[in-house]
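Working notes, beginning with the structure itself.
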Amino acid sequence: MTVKSGYSPLTRSGFGAELDGLDLARLDEAMVDEAMDVFHEAGGLIVIRDQGHIEPADLLEFVTGFGTPEGNEKYDPGFLVPGYPDVLRIGNTKENGRYTSLFIQADPPPLLWHMDDSFRHPQPVGSCLFCLRTPPEGGETGFAGMTAAYEGLPEDVKERIASIRTVHSYNHLNELLRKKNPHRPPLGEALLAQFPPIVRPLVARHPETGRKSLYLPLCHIESVEGLEKAEGEALLKGLQEHATGAAYTYMHRWRPGDLVVWDNRCTLHAPTPFDDSRHERLMYRLTFGGRQIAGF
Ligand code: OGA
Ligand code: MN
């Protein structure tokens, strides 16, 4: 079966695709190219199940077809898979009382919908998660399709937001997270200097497909250029509500062996909580670089 004949949409709007009949331990170039085509057609989200038998090397090879794997220099080396510095463990696994994976503490709704690192340039254009262990409930990951969400906006709203620009800031995100977790330290001088605020379009054109998307990781956006704070916040909040509505979102319930790949240029994602005092969650994560949204 070819990739293109064996996939099904994950949402009403057509955002997201689950690919069938793929074995990532037996990859060939044509298969990776076809998976890439489906990835773009589906608005930047693919799900491939039942890959529990694959090795980190297979993951790396597959992801290399999508972009250039990014290193994980900023993370604790103890979170990396031995021999595979591009593969980061995320989850809540521990050895001798110390985390052996990066623990992303998710809160109950409202979910923290985001695009990874939109506050830096170049931004990672995509990432994937491969599930090794998952709790019996919770720990799902939400995905929202920003191309379909943009295309579903009324014409007058599209016109109104066509040339709006927003300011993305790591410090804004960090302060938001500090409100929930006062033990989180403020960003130090070095990080503040390394990640100054960056101006982004609210409507971004994808460099591969040419399609427009809402570029709206709300938790990274500190202001809207040319609008009063309250007016900017109300505009973005309304757009996010639309964009994370049922037609454009997919909640992935993980099973070991699942691989999910997403595109940070045109999708949002959000972690959900689980009882980490009783259950283990463990994923391999690879992040990749590539062509930036138009204008960057
Ligand atoms: C990420 C992320 C969500 C999850 O890896 O960037 O947001 O559910 N993960 O683990
Ligand atoms: Mn993320």
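The values are calculated or read from the model by the stated rules, or taken from the named source; none is laboratory data. Everything numeric in this text was worked out from a predicted model, so none of it was measured. Reconstructed Cβ throughout: ideal geometry from the backbone, glycine too, with neighbour counts over all protein chains shown. Just so you know, the surface numbers come from the protein's heavy atoms only, side chains and all, with ligands and any DNA or RNA stripped out. Shrake-Rupley method; radii C 1.70, N 1.55, O 1.52, S 1.80 Å.
Taking segment 121-150 as the range and being farther than 30 Å from PRO207 by Cα and near ligand 1 (Cβ under 9 Å from one of its atoms) as the test, only GLY139 passes. Note on segment 1-42: residues that are basic (Lys, Arg) and closer than 24 Å to ARG253 by Cα amount to 2. Restricting attention to segment 50-63, the residues being assigned to a loop (DSSP other than H, G, I, E, B) and open to solvent by less than 10 Å² (accessible area, probe 1.4 Å) number 1.
The one condition from (1) open to solvent by 20 Å² or more (accessible area, probe 1.4 Å); (2) within 19 Å of THR134 (Cβ to Cβ); (3) touching a strand residue (DSSP E or B) at 6+ places or on another chain (Cβ under 6 Å) that VAL47 does not meet is (1). Inspect segment 64-78 for any residue being among the aromatic types (Phe, Trp, Tyr), within 13 Å of ligand 1 (Cβ to nearest atom) and assigned to a helix (DSSP H, G or I) and give the result as yes or no. Checked segment 64-78: no residue is among the aromatic types (Phe, Trp, Tyr), within 13 Å of ligand 1 (Cβ to nearest atom) and assigned to a helix (DSSP H, G or I).
Of all residues in segment 198-216, those satisfying the criterion of being over 19 Å from ARG160 (Cα atoms) and either touching a residue at least 24 places away in the same chain (Cβ under 8 Å) or open to solvent by 50 Å² or more (accessible area, probe 1.4 Å) (or both) are ILE198, HIS206, PRO207, GLU208, THR209. If you go through segment 14-42 and keep only what is more than 20 Å from the chain's Cα centre (by Cα) and in contact (Cβ under 8 Å) with a residue 40 or more places away in the chain, you end up with just LEU24. Name the single residue that is nearest to ligand 2 (Cβ to nearest atom) among those in segment 115-145 being surrounded by fewer than 21 Cβ atoms within 10 Å (Cβ to Cβ) and more than 22 Å from ASP86 (Cα to Cα). Looking at residues that are surrounded by fewer than 21 Cβ atoms within 10 Å (Cβ to Cβ) and more than 22 Å from ASP86 (Cα to Cα), I get GLY142.
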